[in-house]
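Colleague: Submitted below is the structure of interest, expressed as structure tokens.
Any read-out appearing in this document is the output of simple, stated calculations on the displayed coordinates, not a laboratory observation. Everything quoted here is computed from the prediction, not taken from an experiment. Note that we place each Cβ from the backbone using ideal geometry, even for glycine, and neighbour counts take in every protein chain shown.
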Amino acid sequence: MPGITLGDTVPNLEVETTHKNFKLHDYFADSWTVFFSHPGDFTPVCTTELGAMGKYAHEFEQRGVKLLDEPVVISPAVSDEEAKKLFPQGFKTAELPSKKGYLRVADVS
């Protein structure tokens, strides 16, 4: 099976994140790490799953698990009120030429 599967050692890639740049093995050190992967089209299912993980990031941290996370895009079907509940850490709304506030992102770490 191609790709990375459960139990594999990941390549020691250098990555650029919203927090800092680092090599994966330095970041993981001696902890468990959860990788998230999604198709290039950023489907709502993927962003919903990523958002859910971000909501529980503190629970993972308490258990010594690191989440490696591309702020997530909040589906336009989610109201601002619901987004505030899903992302209590807040979210940003992109300023678009149309002035419509449908492109919202939240950091999940």
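Colleague: Before we move on, is V78 part of a strand (DSSP E or B) and over 23 Å from Y27 (Cβ atoms)?
Modeller: Against the criterion (part of a strand (DSSP E or B) and over 23 Å from Y27 (Cβ atoms)), V78 does not qualify.
Colleague: Of all residues being over 14 Å from the mean Cα position of the chain (by Cα) and acidic (D, E) in region 82-109, which is surrounded by the fewest Cβ atoms within 10 Å (Cβ to Cβ)? Just the residue, please.
Modeller: Per the criteria, the residue is E95.
Colleague: While we're on this one: Only one of these conditions is not met by G101: (1) touching a strand residue (DSSP E or B) at 6+ places or on another chain (Cβ under 7 Å); (2) not in a loop (DSSP other than H, G, I, E, B). Which number is it?
Modeller: Among (1) touching a strand residue (DSSP E or B) at 6+ places or on another chain (Cβ under 7 Å); (2) not in a loop (DSSP other than H, G, I, E, B), G101 violates only (2).
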